[in-house]
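Below: one structure, written as structure tokens.
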There are 2 protein chains.
Amino acid sequence: MSIPFSEDALIVRLFAPLAGPGGLALKDDAALIAPPAGNDIVATTDAIVAGVHYFPDDPPESIARKALRVNLSDLAAKGAEPHGFLLTLALPDSLPDEWLARFADALGRDARAFGFQLLGGDTVRTPGPAMISVTALGLVPAGRMVRRTGARAGDYLYISGTIGDAALGLRLRLEPDAPPTLSAASRAHLLSRYLEPRPRNALALAMRDNASGGMDVSDGFIGDLTKMLGVSRCSARVDLAAVPLSDAAREAMALDMGLREIALTGGDDYELLASVSPDRAAAFEAMARAAGVPVARVGLVTTGDAAPVFIDVDGAPKSFARGSYSHF
Amino acid sequence: MSIPFSEDALIVRLFAPLAGPGGLALKDDAALIAPPAGNDIVATTDAIVAGVHYFPDDPPESIARKALRVNLSDLAAKGAEPHGFLLTLALPDSLPDEWLARFADALGRDARAFGFQLLGGDTVRTPGPAMISVTALGLVPAGRMVRRTGARAGDYLYISGTIGDAALGLRLRLEPDAPPTLSAASRAHLLSRYLEPRPRNALALAMRDNASGGMDVSDGFIGDLTKMLGVSRCSARVDLAAVPLSDAAREAMALDMGLREIALTGGDDYELLASVSPDRAAAFEAMARAAGVPVARVGLVTTGDAAPVFIDVDGAPKSFARGSYSHF
């Protein structure tokens, strides 16, 4: 953990107030985590790059929340409670101090809202685009992390929230007039879902107590589901008509049916995919309801290691040209 | 923790074999750490950027070792044993697969040599230069992490190894003829010290058992020592004649006295700075000797919060134009 000497003053002023007890006021080489007895630590890291994962002219507040939340989503999928994070900033010289001040302020607010503490980090100069890398540490009771490999034949497949909004929002950023007659409200909803993920940390306990397997859906529903079944050495039968869509997504698809594939395969959903054995399904649904997070049953895990079968609204299997949608 | 879908095959082939038990074969969203009872976790992160922290045409093996070792050095300074690491790679499209294969192979070998396991990571595309960010996790017995804030008036200051070789090596990379008559052996020594850090993990136990405060010296001896005394709210009297120099550094300085300031303030030493109370000094020296790491006593921690006083060979205080040397 190091910070270039010339930047100490700015970094200390902006980020030291965000440090939790384990961050030692950012005065040390390292952070200290004293794990409560009986807990495992879940560690995950995700980076976002300007021009790849976000638009350089996005508000710094939104970029801060995205950097943090894509990691919080992974912790939620594992059934873990947020503990703290390390932050690596690679910054171009062109970035004004005011940008960094707004970024730090929003990061601190969002971290507090999620019970997350800044533990430390590194700041480097780059001649390239800005990059923000977060390593997130969470806590789960020992042996209770929800594995991506845990899906078992006979499990129900659940997905939280709605699928495709962020991918459609990205599409609107790239082609604001496609479709041109989309209502302003739907447009705003889809754009906001791309700009800032809403991770499902409220669902972590329901995942931990009930899911046999799980992951967060960040690289596209179809591709990520295929990935989870693959590492679980199972297949699945998925009912595409049951995949939950927002009203805004439905409106967009009614105007342009080509958007449906983008919604199902596009990234940045940050919803949770869970496989739940039938005897835990009622408990999972009840805990999700209590947590205020909608979950929809979308399929059934089956034996064999064939690719999952996606049944379309017409009852016929549908295949997808690509499992996931690349970043722009 | 996520890996772009299109890169799964390459990443899995190259990096999954490096994953330790906590890395879950890189099949999950997250890594799992079950900390042994009675241990704290020490977490640190350091990133290196092509063209900033290393030369893009450095061998990929050296870049891999640098990325890992700058973090191992922080763990050593804290008295921690390496446990595992998360790796974030931001890669330009221009980087050939062969580069990545050589990088991964060297990374795996070096990790094994240090008892380190790959826990997970993220890979992103960047239109900018390559960047390699490592978050390192280490273990220390509960409450025993060596703090940067721990120096106390009356402590002796120790530095491991030799100071300035890497900074002089960088200088030789930038100006191969300065000084022109430097022997080939000295030139090779200094260049190698810049190319690949040699972290002092062998000294971790001596640090933990004896040092009241410590840090790794990565941003320049003068600047980092000043930093440690500052956060410890102490001052110091430092004997510059006692600062250990390699024969190669001595030869270079004899040819060009201007190199001395570069050696004392330049970065990339990756030596350990320790403050040790006099009653622990003999034990610290004995444990360092047993570990095969030379340590030199270079000063005394004093009261007050003035900047440390650096006494030159002529007995007069010396001031430095800058505390640390910027990256090129």
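The values are calculated or read from the model by the stated rules, or taken from the named source; none is laboratory data. Small disclaimer: the values here were computed from a predicted structure and weren't measured. Note: ideal-geometry Cβ built from the backbone for every residue, glycine included; neighbour counts use all protein chains shown. Just the protein is used for accessible areas: all its heavy atoms, side chains included, with ligands, DNA and RNA removed. Shrake-Rupley method; radii C 1.70, N 1.55, O 1.52, S 1.80 Å.
Would you check if there is a residue in segment B:107-118 being in contact with a Ser or Thr (Cβ under 9 Å, 6 or more places away or on another chain) and of a type in the set (G, A, S)?
Checked segment B:107-118: no residue is in contact with a Ser or Thr (Cβ under 9 Å, 6 or more places away or on another chain) and of a type in the set (G, A, S).
Out of the residues in segment B:105-129 that are more than 9 Å from every other protein chain (Cβ to nearest Cβ) and assigned to a loop (DSSP other than H, G, I, E, B), state the one that is nearest to the chain's Cα centre (by Cα).
Restricting to residues being more than 9 Å from every other protein chain (Cβ to nearest Cβ) and assigned to a loop (DSSP other than H, G, I, E, B), the top hit is B:F114.
Run B:R233 past the list (1) part of a loop (DSSP other than H, G, I, E, B); (2) farther than 18 Å from B:S277 by Cα; (3) open to solvent by 40 Å² or more (accessible area, probe 1.4 Å) and report the number of the one that doesn't hold.
(2)
Quick test for you: out of A:R289, A:R322, A:R297, pick the one residue that is in contact with a helix residue (DSSP H, G or I) (Cβ under 8 Å, 6 or more places away or on another chain) and either at pLDDT 95 or above or open to solvent by less than 40 Å² (accessible area, probe 1.4 Å) (or both).
Result of the check over A:R289, A:R322, A:R297: A:R297.
It is to be established whether one or more residues within segment A:27-41 are within 9 Å of chain B (Cβ to nearest Cβ), under 15 Å from A:D268 (Cα atoms) and buried (at least 24 other Cβ atoms within 10 Å of the Cβ).
No, that holds for no residue.
What tally of residues in segment B:1-25 results from selecting those that are modelled with pLDDT under 80 and either outside any helix (DSSP H, G or I) or hydrophobic (A, V, I, L, M, F, W, C) (or both)?
Within segment B:1-25, residues that are modelled with pLDDT under 80 and either outside any helix (DSSP H, G or I) or hydrophobic (A, V, I, L, M, F, W, C) (or both) number 11.
Having 3 or more residues that are over 21 Å from B:G214 (Cβ atoms) is the bar; report the helices (runs of 4 or more DSSP H) wholly within segment B:244-328 that clear it.
B:247-255, B:259-265
If A:A80 meets every condition in (1) buried (at least 24 other Cβ atoms within 10 Å of the Cβ); (2) not assigned by TED's automatic domain parsing to the domain that holds A:F15 apart from one, which number is that one?
A:A80 satisfies every listed condition except (2).
Determine which member of the set B:A151, B:A185, B:A167, B:A178 is surrounded by 20 or more Cβ atoms within 10 Å (Cβ to Cβ), out of contact with any strand residue (DSSP E or B) (no Cβ under 9 Å at 6 or more places or on another chain), touching a residue at least 60 places away in the same chain (Cβ under 8 Å) and more than 10 Å from every other protein chain (Cβ to nearest Cβ).
Step by step, each of B:A151, B:A185, B:A167, B:A178 is checked, and only B:A167 is surrounded by 20 or more Cβ atoms within 10 Å (Cβ to Cβ), out of contact with any strand residue (DSSP E or B) (no Cβ under 9 Å at 6 or more places or on another chain), touching a residue at least 60 places away in the same chain (Cβ under 8 Å) and more than 10 Å from every other protein chain (Cβ to nearest Cβ).
Could you tell me which of the residues A:A166, A:A178 is in the same structural domain as A:S218 (by TED's automatic domain parsing) and at pLDDT below 95?
From the options A:A166, A:A178, the qualifying one is A:A178.
Assess whether A:L172 counts as being in a helix (DSSP H, G or I), in the same structural domain as A:S275 (by TED's automatic domain parsing) and open to solvent by 40 Å² or more (accessible area, probe 1.4 Å).
Taking the combined requirement at face value, the residue does not satisfy it.
Determine if segment B:90-100 includes at least one residue that is in contact with a Lys or Arg (Cβ under 8 Å, 6 or more places away or on another chain), part of a loop (DSSP other than H, G, I, E, B), within 12 Å of chain A (Cβ to nearest Cβ) and open to solvent by 10 Å² or more (accessible area, probe 1.4 Å).
Yes, segment B:90-100 has at least one match.
Does segment A:194-228 hold any residues that are open to solvent by 30 Å² or more (accessible area, probe 1.4 Å) and in a loop (DSSP other than H, G, I, E, B), and which are they?
Residues satisfying the conditions are A:E196, A:R198, A:R200.
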